Amino acid sequence: MDADVVVIGTGPGGESLANKAARAGLKVVAIEKHLVGGECPYYGCIPSKMMVRAADALAEAHRAGQLAGDVTITPSWAPVAKRVAEEATADWNDEAAVRRLEDAGATVLRGTGRLDGPRRVVVTPSDGSAEVTIDARVGVVLNPGTRPAAPPITGLDGTPYWTNREALQTTTVPAELIVVGGGPIGCELTQVFARFGSRVTLIQHGPRLLPGDEPEAGALLEKVLVADGVRVLTGAEPTEVQYAEGRFTLRLADGEQVTGDRLLVAAGRTPNLDGLGLESVGLDPSRIEVDDRMRAIGADGVWIIGDVTGHGAFTHISMYQSDIALRDLQGAGGAPAYYHAVPHTTFTDPEVGGVGLTEEAARKQGLPVRVGQADLGASSRGFTHGPGAVGFIKVVEADGVLVGASAVGPAGGEILAVLTLAVHARVPVETLRTMIYAYPTFHRTIETALQDLDD
């Protein structure tokens, strides 16, 4: 075969690029060995937020007793599982996504693709048929994504432990759940299952939850999870797993044993760089680099987008990079990639949103840092909101502009938007102070945090 562009991996960025390139008149071949759309629509962002929404609804129902009268509620996982299977994932079927690509004019091949020299791809079809070689006139776009990492715990291999994939497909709530990993995935699913009645033990190797966010965020979330009935163990190192008669036993380095019906491992992600044939174009699979146009440094005619570029395993990063790569391979120019204002949100209750540098990261860069912080719950909106209105706004300033910020609280991810704009556009703090902030809102706490910079 021949093509203008070959896309290996159709996660959100790869799918979007293939679709837009085909609609622009390029001859596109998209190769996918699993599901077109990648992790996000089937095992990540979309179905997990349906689960989070359900858990939040339960929490709000329980809070109603303090606000609106007596409420009785019986949790049921059945509507959650039904919604995830039918509305979010179509029973983990990607026919609609494949059809979108084909309708755009792209050719979709099921199988594993690998580079075989400059602008050449070899596809091993999933159905066992003969390999297909494709010559790409313009080049190849790699969007291989990541997979759940398996930490080196003795005995883990061979046990029926969950990753996010199995957790998102469950039709029942485990009576007792062990979660290894206190990052965004582990914290979100911990809270979901706890609110549906599971007795959850959350084990974090490091000293705090959400290590990529401000320490105050991890500390607050730990208090909230404990209030939800979760046992949180930080600074805990799992050393051995045993599984017998439907029960997991996890031994920690200090000798403590934790037991449960299910074990969810959410301890990071592994880049899918193996088997891509990177060596055939002179690239080192252990250390890939891309420039600000998403071109692979050291290989002509190769663009790399998504999680493996190291700028955050977020759908919005992959989509952002896909547009830059598409413009470049079309010779259209446009703005290069900027990463000084990458936003992210953990959809726990409260939501934890962050953008740019944390205070610690800014200080490590030697910046002249000032920080301001304000209690979101102490705002007028927090007072009227009542139960559940916990959180804060934290701003990190250097040389008169914000270089980072956090928004923790109800709708923290939405409040984050104005802070992301400020960091991205490098809006002077003095300009932000002249804004009119609507009253009474949660986002008005930003004004208070800015005032705190002078204290």
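The values are calculated or read from the model by the stated rules, or taken from the named source; none is laboratory data. These figures come from a predicted structure and were not determined experimentally. Please note: Cβ atoms are built from the backbone with ideal geometry, for glycine as well, and neighbour counts cover all protein chains shown.
Please verify whether the range 398-419 includes one or more residues that are of a type in the set (Asp, Glu), at pLDDT 95 or above and within 25 Å of the chain's Cα centre (by Cα). Yes, the range 398-419 contains a residue that is of a type in the set (Asp, Glu), at pLDDT 95 or above and within 25 Å of the chain's Cα centre (by Cα). In the set (1) under 30 Å from Ala54 (Cβ atoms); (2) touching a strand residue (DSSP E or B) at 6+ places or on another chain (Cβ under 9 Å); (3) part of a helix (DSSP H, G or I), the condition left unmet by Tyr320 is number (2). Which pairs turn up if I take residues in the range 67-78 that are without any contact (Cβ under 8 Å) to a residue 24 or more places away in the chain and look for partners that are of a type in the set (Gly, Ala, Ser) with beta carbon separation below 7 Å, at least 6 apart in sequence or on another chain? From the range 67-78, the pairs are Val71/Ala61; Val71/Ala64; Val71/Gly65; Ile73/Ala61. Only one of the listed residues (Ala85, Ala81, Ala96) is modelled with pLDDT of 95 or more, hydrophobic (A, V, I, L, M, F, W, C), part of a helix (DSSP H, G or I) and exposed (fewer than 13 other Cβ atoms within 10 Å of the Cβ). That residue is Ala96. When Ile185, Ile178 are screened for being assigned to a helix (DSSP H, G or I) and either in contact (Cβ under 8 Å) with a residue 60 or more places away in the chain or of a type in the set (Val, Ile, Thr) (or both), only Ile185 passes. In the range 285-306, the qualifying residues are those that are closer than 23 Å to Thr124 by Cβ and in contact with a helix residue (DSSP H, G or I) (Cβ under 7 Å, 6 or more places away or on another chain), and the one that is surrounded by the most Cβ atoms within 10 Å (Cβ to Cβ) is Ile305. When restricted to residues that are of a type in the set (Ser, Thr, Tyr) and closer than 15 Å to Glu351 by Cα, the range 401-444 contains 1.
Yes/no per residue for (1) under 23 Å from the mean Cα position of the chain (by Cα); (2) assigned to a helix (DSSP H, G or I); (3) modelled with pLDDT under 95:
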| site | (1), (2), (3) |
| --- | --- |
| Leu189 | yes, yes, no |
| Val192 | yes, yes, no |
| Leu209 | yes, no, no |
| Tyr243 | no, no, no |
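When Thr172, Thr190 are checked against the criterion of being hydroxyl-bearing (Ser, Thr, Tyr) and closer than 22 Å to Gly312 by Cβ, Thr190 stands alone in meeting it.
Residue count for the range 19-45, restricted to those that are part of a helix (DSSP H, G or I) and either under 18 Å from Ser322 (Cβ atoms) or without any contact (Cβ under 8 Å) to a residue 40 or more places away in the chain (or both): 9. Here the range 99-111 is the region considered, the condition is being assigned to a helix (DSSP H, G or I) and touching a residue at least 40 places away in the same chain (Cβ under 8 Å), and the residue that is farthest from Asn19 (Cα to Cα) is Arg100. Could you tell me whether the range 338-346 includes any residue that is touching a Gly at 6+ places or on another chain (Cβ under 9 Å), farther than 21 Å from Tyr43 by Cα and of a type in the set (Phe, Trp, Tyr)? Yes, because at least one residue in the range 338-346 is touching a Gly at 6+ places or on another chain (Cβ under 9 Å), farther than 21 Å from Tyr43 by Cα and of a type in the set (Phe, Trp, Tyr). What are the residue pairs meeting all of these: first residue in the range 415-443, first residue free of Cβ contacts under 8 Å to residues at least 24 places away in the same chain, second residue of a type in the set (S, T, N, Q), Cβ atoms under 9 Å, and 6 or more apart or on different chains? Hits for this filter: Ala422/Thr431; Arg433/Gln451; Tyr437/Thr445. Every condition in (1) in contact (Cβ under 8 Å) with a residue 40 or more places away in the chain; (2) touching a strand residue (DSSP E or B) at 6+ places or on another chain (Cβ under 9 Å); (3) more than 15 Å from Ala267 (Cβ to Cβ) holds for Thr146 except the one numbered (3). Filter the range 249-289 for residues that are among the hydrophobic types (A, V, I, L, M, F, W, C) and touching a residue at least 24 places away in the same chain (Cβ under 8 Å) and give the result. Across the range 249-289, the qualifying residues are Leu250, Leu252, Val258, Leu263, Leu264, Val265, Ala266, Ala267, Leu273, Leu276, Leu278, Val281. The single condition among (1) in the same structural domain as Gly105 (by TED's automatic domain parsing); (2) surrounded by fewer than 20 Cβ atoms within 10 Å (Cβ to Cβ); (3) farther than 18 Å from Thr163 by Cβ that Ala22 does not meet is (2).
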